[in-house]
Amino acid sequence: MASSSALPIRSAVYSSAPAASLVLAGRIFYVLIFLMAGAGHFSRQSIGYAASQGVPLAPILVPLSGVVALAGGLSILLGYRAKLGAWLIALFLIPVTLMMHKFWAVTDPMMAQMQMAMFMKNLSMLGGALLITQFGTGPLSLDARDK
């Protein structure tokens, strides 16, 4: 019932050029962090920091996570197989959030607060990724061109 009534509303919202442009802008803003941070996952500093946080096999897993973040981010940006790209982002965010932002284990109150903010930021981005897995990336995308 809810899904059948949601489809016409979604189509109507996307039908205007300003709405389609807003969806595209939101997509661009959303993926910037994955594209910028993903590229940094190949640096010795990132690998070393992850190892210091207890990430196992950091020299392998950190660059691999960078590939996953870049692939998911590019997929969403271009709107090409974006639902799959959003699942890649979710796959990236879950372990990164749990391994790298353990605010509950930090003794310094200021650092604990900062890690908690990063943890919550990642949860928010995970929520956005889950929305994209269900609703896609809108009309200004390669996926929409194929329909």
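Data overview
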read-out	value
Number of the exception - W87 against (1) open to solvent by less than 80 Å² (accessible area, probe 1.4 Å); (2) without any contact (Cβ under 8 Å) to a residue 60 or more places away in the chain	(1)
Filter pass, Y49 being surrounded by 17 or more Cβ atoms within 10 Å (Cβ to Cβ), assigned to a helix (DSSP H, G or I) and aromatic (F, W, Y)	no
Positions within region 52-67 being in a helix (DSSP H, G or I) and in contact (Cβ under 8 Å) with a residue 12 or more places away in the chain, in sequence order	P59, V62, P63, S65, G66, V67
Selection count, region 106-117, where residues are assigned to a helix (DSSP H, G or I) and open to solvent by 70 Å² or more (accessible area, probe 1.4 Å)	6
Test for T133: is it part of a helix (DSSP H, G or I) and within 16 Å of V31 (Cβ to Cβ)	yes
Given (1) closer than 22 Å to G26 by Cβ; (2) open to solvent by less than 30 Å² (accessible area, probe 1.4 Å); (3) not in a helix (DSSP H, G or I), index of the condition Y80 fails	(2)
Selection count where residues are open to solvent by less than 80 Å² (accessible area, probe 1.4 Å), modelled with pLDDT of 95 or more and under 21 Å from Y80 (Cβ atoms), scope region 127-140	5
A69 being over 24 Å from S21 (Cβ atoms), touching a His at 6+ places or on another chain (Cβ under 8 Å) and either open to solvent by less than 50 Å² (accessible area, probe 1.4 Å) or among the polar types (S, T, N, Q) (or both)	yes
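The values are calculated or read from the model by the stated rules, or taken from the named source; none is laboratory data. Values in this document were obtained by computation on a predicted structure and should not be read as measured data. Note: ideal-geometry Cβ built from the backbone for every residue, glycine included; neighbour counts use all protein chains shown. Areas reflect the complete protein model, heavy atoms only, side chains present, ligands, DNA and RNA absent. Shrake-Rupley method; radii C 1.70, N 1.55, O 1.52, S 1.80 Å.
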